[in-house]
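Peer 1: Below you will find the structure I want to go over with you.
The values are calculated or read from the model by the stated rules, or taken from the named source; none is laboratory data. Here the structure is a predicted model, which is why all the values come from computation and not from measurement. Cβ placement follows ideal geometry from the backbone for every residue including glycine, while neighbour counts extend to all protein chains displayed.
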Amino acid sequence: MPTYPKPTQEQLVVTRLGEARLVSPLPLSTTPGDNIGDFVDDDLRALYNPRIMLGEKPSDLCFELAGARREIFFTPQDTTAAIVTCGGLCPGLNNVIRSLVLELLMNYGIRNVLGIRYGYHGLNPNVGRPPFELTKELVDEIHHKGGTILGTSRGPQEHKESVDFLVDRGVNILFCVGGDGTQRGAHQIASEIARRKLPISVIGIPKTIDNDIKYCYRTFGFATAVSEAEKVIDRAHVEAKSVLNGVGLVKLMGRHAGFITAAATLASGEANFALIPEVPMQLHGEHGLLAALDRRLKAREHAVVVIAEGAGQHWLDECPDEFDASGNLLLRDVGPFLAHAIKDYSNKVGNPANVKYFDPSYHIRSVHADATDSLLCERLARAAAHAGMAGKTDMLVGLWHNQLIDVPLAVSCDAKKQLSPEGELWMALQALTRQEKWYSGV
Ligand code: ATP
Ligand code: MG
């Protein structure tokens, strides 16, 4: 179950630029049994809660279903789209760009697609590089590469100037690929467009390796990150087992959410301790991590510890606050701190640990998407193209119980998704690492 409050039905209504009156050029139908693929009926909905207690009346709270509409808003041959990628790298960015370009140019037959350079900076001609045209040939092989061919950035951008830019360049649909910050920026651009009553659509595609965006069960890049992280945990285990009292310490991505740490630890099956931001842990004391690790070393002479970058921040409270260009609080680096703490404590209790520290973050972020993520990028990007062409705006494409949905930006980026300590993932993690055993000293 989600860790954030239930929305109201009003919050889930997606804004439209106007009535969609043009017949879609896509060769789909609504006739059952003709095997050529269906348009999605505008009245189709995805239920918010797929679970039901027997005897209870189901709630009809629901999302708008994503997908190609029979009637569209924009005239394809007069339409210009633009794509911008912002925030940190994540496997799959190039796949999203490629699928968007191919769907818009090849299937809808729109006039052109502009690639915005280096994030929202590229929407300000005074500071950014000019955009370039994205052609079918240019995007042909980019999905095999990590990173983003458009470049990315952090840092604020005046949304009024962004809208001036869109008007000057004749952009009708802007696709914003990025995390929570990017989607908040997209919402501001859409609000300025609405204030000026312009027919420009803004569509978000959620990008977060941490998997912390609301209404998106799994974001692209997450599966790739988990498989890469699993390999690192396995290697840390090999290192730890090869020396007396070896400790493999792995720091993984996850500023506010422990999804990568939990999933990679479960996939690897080799870690003994997994620490996530959602479940704060004591470092010192009989039931703290250091004493528990010492008990584990005495019993098995090696251990693997996995920590999400956002976990254990309270251990470093004396460090001053610092912020990145986008105004996000910079995390204190818990990895080296914990490595030192383990060494100090183990020396003090006369059972010295041999710590091997792994920080694979940039390695993981820059790899290209695996097959599972490539498929998700393809689905999200094409759904985004359909939403834009249908004249929907101020929304992002989400994934809810494996159904693609259209969600208003205002409700999707007001809070982050976190791992539920009451949920199945955390329970499985505890079962695997048997944390109680080491912590309680039983
Ligand atoms: P990541 O997953 O890497 O954190 P992100 O999209 O959250 O991705 P940010 O650097 O926070 O990355 O934001 C990306 C862009 O969105 C930046 O240009 C930033 O200035 C802009 N942005 C962030 N927050 C807001 C906001 N509240 N309003 C408008 N723009 C914002
Ligand atoms: Mg962010």
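Peer 1: Hey, A325 hits all of (1) within 16 Å of ligand 2 (Cβ to nearest atom); (2) more than 18 Å from I209 (Cβ to Cβ); (3) in contact with a strand residue (DSSP E or B) (Cβ under 8 Å, 6 or more places away or on another chain) but one; which does it fall short on?
Peer 2: Answer for A325: the failing condition is (3).
Peer 1: Please go through (1) in contact with a helix residue (DSSP H, G or I) (Cβ under 7 Å, 6 or more places away or on another chain); (2) away from ligand 1 (no atom under 13 Å from the Cβ); (3) closer than 30 Å to A263 by Cβ for H144 and return the number of the only condition it doesn't satisfy.
Peer 2: (1)
Peer 1: If you don't mind, there's one more thing I want to ask. Looking at this structure, is F132 away from ligand 2 (no atom under 16 Å from the Cβ), of a type in the set (F, W, Y), closer than 20 Å to V411 by Cα and modelled with pLDDT of 95 or more? Quick ask: steps written out before the conclusion?
Peer 2: On the way: away from ligand 2 (no atom under 16 Å from the Cβ): yes; of a type in the set (F, W, Y): yes; closer than 20 Å to V411 by Cα: no; modelled with pLDDT of 95 or more: yes.
The answer is no for F132.
Peer 1: For L266, only one of the following conditions fails: (1) crowded, with 22+ Cβ neighbours inside 10 Å; (2) more than 16 Å from ligand 2 (Cβ to nearest atom); (3) more than 30 Å from V167 (Cα to Cα). What is its number?
Peer 2: (1)
Peer 1: Give D373, D406, D344 a once-over and let me know the one that is modelled with pLDDT of 90 or more and over 18 Å from the mean Cα position of the chain (by Cα).
Peer 2: D344
Peer 1: Ok, one more. Report, by residue number, each residue of region 279-328 that is among the charged types (D, E, K, R) and farther than 24 Å from G246 by Cα. Give the derivation first.
Peer 2: So the first thing to find is which residues in region 279-328 are among the charged types (D, E, K, R), and the list is 286, 294-296, 298, 300-301, 309, 317-318, 321-322, 324.
Answer for region 279-328, where residues must be among the charged types (D, E, K, R) and farther than 24 Å from G246 by Cα: D317, E318, D321, E322, D324.
Residue-wise test of (1) over 27 Å from S374 (Cα atoms); (2) in contact with a Pro (Cβ under 7 Å, 6 or more places away or on another chain).
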| site | (1), (2) |
| --- | --- |
| E19 | yes, no |
| D41 | no, no |
| C62 | yes, no |
| F74 | yes, no |
| R111 | no, no |
| G115 | no, yes |
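Peer 1: On to the next question. Which number in (1) in the same structural domain as G178 (by TED's automatic domain parsing); (2) modelled with pLDDT of 95 or more; (3) within 28 Å of E424 (Cα to Cα) marks the one condition that S201 misses?
Peer 2: (3)
Peer 1: Just one of (1) out of contact with any His (no Cβ under 6 Å at 6 or more places or on another chain); (2) aliphatic (A, V, I, L, M); (3) in contact (Cβ under 8 Å) with a residue 60 or more places away in the chain trips up V304, so point out which.
Peer 2: Of (1) out of contact with any His (no Cβ under 6 Å at 6 or more places or on another chain); (2) aliphatic (A, V, I, L, M); (3) in contact (Cβ under 8 Å) with a residue 60 or more places away in the chain, only one is false for V304: (1).
Peer 1: If I filter region 147-178 down to residues being acidic (D, E) and within 14 Å of ligand 1 (Cβ to nearest atom), which single residue comes out as nearest to A81 (Cα to Cα)?
Peer 2: Looking at the filtered set, the residue picked out is E161.
Peer 1: Of everything in region 67-80, what is more than 9 Å from R111 (Cβ to Cβ) and either among the aliphatic types (A, V, I, L, M) or out of contact with any Ser or Thr (no Cβ under 6 Å at 6 or more places or on another chain) (or both)? Give them in sequence order.
Peer 2: Taking region 67-80 and keeping what is more than 9 Å from R111 (Cβ to Cβ), we get 67-75.
Hits for region 67-80 are G67, A68, R69, E71, I72, F73, F74, T75.
Peer 1: Is it the case that D359 is under 22 Å from A262 (Cα atoms) and among the charged types (D, E, K, R)?
Peer 2: So D359 passes the test.
Peer 1: Still on this model: Among (1) in contact (Cβ under 8 Å) with a residue 12 or more places away in the chain; (2) under 27 Å from T393 (Cβ atoms), which single condition is P50 missing?
Peer 2: Going through the list (1) in contact (Cβ under 8 Å) with a residue 12 or more places away in the chain; (2) under 27 Å from T393 (Cβ atoms), P50 breaks only (2).
Peer 1: Additional query: Do we have F73 as over 29 Å from A257 (Cα atoms), in contact with a Lys or Arg (Cβ under 6 Å, 6 or more places away or on another chain) and not β-branched (V, I, T) here?
Peer 2: Here the answer is no, as F73 does not meet what is asked.
Peer 1: Let me ask you something else. Does region 1-41 hold any residues that are β-branched (V, I, T), surrounded by fewer than 16 Cβ atoms within 10 Å (Cβ to Cβ) and part of a strand (DSSP E or B), and which are they?
Peer 2: V23
Peer 1: Considering each of G92, G147, G122, G151 in turn, give the residue that is buried (at least 23 other Cβ atoms within 10 Å of the Cβ) and on the phi > 0 side of the Ramachandran plot.
Peer 2: G92
Peer 1: Also, I was wondering about something else. For residues that are modelled with pLDDT of 95 or more and acidic (D, E), scanning just region 166-196, find the one that is nearest to ligand 2 (Cβ to nearest atom).
Peer 2: It comes out as E192.
Peer 1: Show me the helices (runs of 4 or more DSSP H) entirely contained within region 83-201 in which 3 or more residues are in contact (Cβ under 8 Å) with a residue 60 or more places away in the chain.
Peer 2: Output list reads 93-102, 180-195.
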